[in-house]
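Following: one structure in structure tokens, then a few remarks.
The values are calculated or read from the model by the stated rules, or taken from the named source; none is laboratory data. All values reported here derive from a predicted model rather than from experimental measurement. Cβ placement follows ideal geometry from the backbone for every residue including glycine, while neighbour counts extend to all protein chains displayed. For accessibility, only protein heavy atoms count, side chains too; no ligands or nucleic acids. Shrake-Rupley method; radii C 1.70, N 1.55, O 1.52, S 1.80 Å.
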Amino acid sequence: KYATGYHGWRTGGRKLQDGYVEGLFRTGNCAGQDTYGLIVRSPDFIRGYWFTITCDGHYGFGYWDGEKYINLLERRDDQQVIKTGPDQTNRLGVWLEGNTFRLYVNGVRLDEINDSQFTAEGYSGAVIAAHNTPGFTVYLDELSYWNLP
């Protein structure tokens with residue numbers, strides 16, 4: 001219940017290699033660097049890529065290698081498509097095709113990054129971390145995926 005920065009996550013469902021994963025997230029009370037988002041290509045429920053946003057309008061992309069987080073990208077949303085602050089709804093999406101990852105929020109493409117740490121199919125899910133708000137809560141209303149042809 002304390003804002004300690006601890007990251008919690010869950011993955012499951014069907015494995016996906018190339019496709020699009022999208023989640024509809026609703027925040028409760030949140031501020032600053034409170035973080036939430038998607039996990040994709042998790043080969044074993046422990047490792048995988050994370051696409052996260054913060055309650056103050058930053059986004060990032062990286063991966064958990066089983067022992068530590070490797071940050072590949074961290075930026076401020078200069079387009080202001082992330083709905084910031086408490087009681088907001090944001091739709092996050094990740095397009096996965098080979099080593100290319102395209103990052104979307106609310107239907108707008110924010111960035112693209114290439115990485116080859118996890119290339120096989122993997123599970124998808126959600127991640128949350130309280131940094132500023134004790135009891136930070138996020139509701140994942142919908143998690144969908146589409147395979148690429």
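Figures for the structure shown
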{"item": "Inter-probe distance in nm under a simple model that places probes 7 Å from Cα toward Cβ, at E112 and S144", "result": "2.3 nm"}
{"item": "Kirkwood Rh in Å, taken over all unlike Cα pairs in the range 1-77", "result": "13.6 Å"}
{"item": "Inter-probe distance in nm under a simple model that places probes 7 Å from Cα toward Cβ, at E67 and L24", "result": "4.1 nm"}
{"item": "Compactness of the chain, expressed as Rg and Dmax over alpha-carbon positions, Å", "result": "14.0, 44"}
{"item": "Net charge contributed by nearby residues that have their C-beta within less than 12 Å of N106 (K/R +1, D/E -1)", "result": "+1"}
{"item": "Accessible-area composition of the chain, carbon plus sulfur, in percent [1.4 Å probe]", "result": "45 percent"}
{"item": "Cα-projected label distance for N99 with I46, points at 7 Å along beta-carbon direction, nm", "result": "2.6 nm"}
{"item": "Ranked packing of 51-64, 22-35, 108-121, most packed first, by mean Cβ within 10 Å", "result": "51-64, 22-35, 108-121"}
{"item": "Per residue, in Å², the accessible surface of the range 95-149 once ligands and nucleic acids are set aside, probe 1.4 Å", "result": "53 Å²"}
{"item": "Percent of alpha-carbon pairs separated by more than 17 Å within the range 35-94", "result": "39 percent"}
{"item": "Quarter of Cα convex hull surface for the range 54-142, i.e. mean projection, nm²", "result": "6.6 nm²"}
